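Asker: Dropping a structure here in structure tokens format, bear with me for questions.
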Amino acid sequence: MALLILALATAFTLPQARADAEAKVMYHADFSDPRRFSAMLTSIHNMVNHYENNFIDADVRIIFVSHGIRFITDNPLEGSPFAEDERLKEERDNLRGRLMSLVNMNGVKLELCDITRSAVQLASDELYDSVELVPSGVVRIAQLQNEEGFAYIKIE
């Protein structure tokens, strides 16, 4: 009887996160297209839902470099190569809401290249909450891949 109870309990046990199953994924955002950023947010949403539904501990990050800065500030960056266009202006509220939902509900981390921020002289307090500055975005990407085992994804 005890074996039967053990067998049934094992059969109906939900999958548990294993230390070796932790998912580490980074997305590289260096583009200006709001449609592409929207597709990236959808991809991340689908990924984190999959991990959560399967009880897999995940560390998901977005590394913002160059034009990607457009998506983590409400500053229109006028006069810079990254200036807000009409399409971004129309989509900004929606994109911000979706991004912040991923941060607040799913623990997605946001990292911005400080070289990019400095180049446009954007004050760090003009960035969205939760954005962490890293000295160099491309160095950070290499570090996450080479030293910490992160998978690299770039939405085309």
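Asker: Out of all DSSP beta bridges in the chain, what portion is antiparallel? Express it as a percent rounded to 5.
Answerer: Numbers: 1 of 19 bridges.
Antiparallel bridges make up about 5 percent of those DSSP assigns within the chain.
Asker: Just how far, in whole angstrom, is the stretch 122-156 from the stretch 99-121 if you go by their alpha carbon centroids?
Answerer: Result: 8 Å between the Cα centres.
Asker: If you don't mind, there's one more thing I want to ask. Springs between alpha-carbon pairs under 10 angstrom, Gaussian network model over the chain: which of ILE62, ILE44, ILE115 fluctuates most?
Answerer: Between ILE62, ILE44, ILE115, it is ILE115 that shows the largest mean-square fluctuation.
Asker: Using alpha carbons only, what's the Rg to Rh ratio of the chain with Rh from Kirkwood?
Answerer: The Rg/Rh ratio comes out at 1.11.
Asker: Now a separate question. Compute the accessible area per residue over the stretch 82-156, keeping the other protein chains in place, probe 1.4 Å, unit Å².
Answerer: Details: 4370 Å² over 75 residues.
Heavy-atom accessible area per residue stands at 58 Å².
Asker: Carbon and sulfur together cover what percent of the accessible area of the stretch 71-156 at a 1.4 Å probe radius?
Answerer: Numbers: 2250 of 4920 Å².
Heavy-atom surface of the stretch 71-156 belonging to carbon and sulfur, 1.4 Å probe: 46 percent.
Asker: Let me ask something else about it. Rounded to the nearest 500, what is the chain's calculated 222 nm mean residue ellipticity when only DSSP H runs of at least 4 contribute -39500 (n - 2.57) each, over all residues?
Answerer: Rounded to the nearest 500, it is -13500 deg cm²/dmol.
The values are calculated or read from the model by the stated rules, or taken from the named source; none is laboratory data. It should be emphasised that the depicted structure is a prediction, and the values quoted were computed from it without experimental measurement. Note: accessible area is taken over every heavy atom of the protein model, side chains too, but ligands, DNA and RNA are not part of it. Shrake-Rupley method; radii C 1.70, N 1.55, O 1.52, S 1.80 Å.
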